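Right, one structure below, let's go through it.
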Amino acid sequence: QVQLVESGGGLVQPGGSLSLSCAASRKIFSINAMGWYRRAPGKQRELVATMTSGGNTAYADSVKGRFTISRDNAKNTVYLQMNSLKPEDTAVYYCNVVGSYSTYWGQGTQVTVSS
């Protein structure tokens, strides 16, 4: 069973930056897409950023120009660089990997943007 472990969340002031990491416990073959989702208090989970196996990326309109998704295949890790953070970015962030046969989720990491 593959486990995804997120790290890098925390408390940051508005305008600050955080970098999230999501490491897989072992190599996942036949990955179709990797992504980050978030769930804010009282809201539904939403897609933040995604990257296909071919490297194409897509972002939620609310984070375009501020967040960047990337990956390191050798480390089985996907990253989310978050800049110019806003209070409305406060949420639990989850990484997601869609394989040919299974979909994997991390346990979530809290990001709080507050002064």
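The values are calculated or read from the model by the stated rules, or taken from the named source; none is laboratory data. Just so it is clear, the model here is predicted, and its values are computed rather than measured. Ligands, DNA and RNA are excluded from the accessible area calculation, which covers all protein heavy atoms including side chains. Shrake-Rupley method; radii C 1.70, N 1.55, O 1.52, S 1.80 Å.
Excluding ligands, DNA and RNA, the accessible surface per residue across the chain is 54 Å² with a 1.4 Å probe. Per the Debye formula with a single identical scatterer at each Cα and no solvent contribution, what log10 I(q)/I(0) holds for the chain at q = 0.16 Å⁻¹? Debye curve over Cα of the chain, log10 I(q)/I(0) at q = 0.16 Å⁻¹: -0.67. Phi angles of the stretch 8-13 translate, via the Karplus equation with coefficients 6.51, -1.76, 1.60 and θ = phi - 60°, into HN-Hα couplings of x, x, x, 9, 9, 7 Hz per residue; Gly and Pro are given as x.
Put 67, 29 in order of accessible area, highest first, and with a 1.4 Å probe you get 29, 67. At a Cα cut-off below 19 Å, give the aspartates and glutamates reachable from residue 43, other chains included and same-chain residues fewer than 8 away excluded. Partners found: 61, 88, 89.
Amide H contacts of residue 86 (H built 1.01 Å from N, in plane; Pro and chain starts excluded): 15 sit under 5 Å, all sequence-distant by 5 or more or on other chains.
Sequence-distant contacts, meaning Cα pairs under 8 Å at least 6 residues apart, place the relative contact order of the chain at 37 percent.
Here residue 27 is the anchor, and the aspartates and glutamates within straight C-alpha reach of less than 18 Å, apart from those fewer than 8 places off in the same chain, are 6, 72. State the percentage of accessible surface on the stretch 58-109 attributable to carbon and sulfur atoms; use a 1.4 Å probe and exclude ligands, DNA and RNA. Percent of accessible area from carbon and sulfur atoms in the stretch 58-109: 48.
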